[in-house]
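Here the structure comes first, spelled out in structure tokens, and everything after it is commentary.
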Amino acid sequence: MQDAITTIVNRYDLIGKYLDKTAIEKLNSYFLTASNRIKATEIINCQATKIIKEAAARLYEEQPELLRPGGNSYTTRRYAACLRDIEYYLRYASYAIVAADTNILKERVLDGLRDVYNSLGVPIAPTVRSIKLLQEVTEEEIKSQNSDTINCVVEPFEYMIKNLSEENI
């Protein structure tokens, strides 16, 4: 897993260049936003159970057919797997927030997801919707804590949504 610093330094190392103005500005931004990213991650960590529970409740309220016979969350085992996956997306989003780099999401979440979901017959639309709901609930939780760290929270969720929506799973 890389953070913004490692990503920038590795990129310049590969091409054998000194850090230029663009790289220095990106590094400066990383350090200037560090406290906001840490604060947002602390809120997510402390409220993870609440965020996951609320996102799942909203998903099943919108799409109750998922819980009915034949639905992908029908049976206790499938429901638990869905909650596990929602937790997984939130946890990796928090890693991306701290790292200020969405590459971890590609490496650890999105790569291979196609094969897993295809083999299990999991439809992608409810997954994408659950990630959007996670984003909304997370933003609400951060706002409720009078924190202005919303900007750093949006990117990881949007990245997952965009990449999952583009893939034909």
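Observations on the structure shown:
- Evaluated at q = 0.14, 0.22 Å⁻¹: base-10 log I(q)/I(0), Debye formula over Cα of segment 64-155: -0.58, -1.16
- The chain - charge dipole about Cα centre, Lys and Arg +1 at Cβ, Asp and Glu -1, debye rounded to 20: 280
- Neighbour cut-off at most 12 other Cβ (10 Å), DSSP loop, chymotrypsin sites (Phe, Trp or Tyr not before Pro), segment 76-131: none
- With a Förster radius of 30 Å applied to the beta-carbon distance between residue 111 and residue 144, the computed FRET efficiency rounds to 0.30.
- Simple spin-label estimate for residue 88 and residue 124 gives 1.6 nm between the two label positions (7 Å along the Cα-to-Cβ direction from each Cα).
- Considering only 16, 112, 121, the mean-square fluctuation computed in a Gaussian network model of the chain, springs between alpha carbons under 10 angstrom, is largest for 16.
- Stretchable slack from residue 61 to residue 20, in nm (0.36 nm times residue separation minus alpha-carbon distance): 9.7 nm
- Exposure rank, largest accessible area first [32, 133, 19, 83; 1.4 Å]: 32, 19, 83, 133
- Residue pairs exceeding 32 angstrom between C-alpha atoms, taken from 26/106; 53/162; 17/132; 50/162: 17/132.
- Fluctuation leader among 64, 156, 126 - the chain, Gaussian network, Cα springs under 10 angstrom: 64
- Gaussian network model of the chain, springs between alpha carbon atoms under 10 Å - residue of 100, 55, 23 with greatest fluctuation: 23
The values are calculated or read from the model by the stated rules, or taken from the named source; none is laboratory data. Worth saying up front: this structure is predicted, and the values here are computed from it rather than measured. Reconstructed Cβ throughout: ideal geometry from the backbone, glycine too, with neighbour counts over all protein chains shown. Remember, those area values only see protein heavy atoms, side chains included, never the ligands or the DNA or RNA. Shrake-Rupley method; radii C 1.70, N 1.55, O 1.52, S 1.80 Å.
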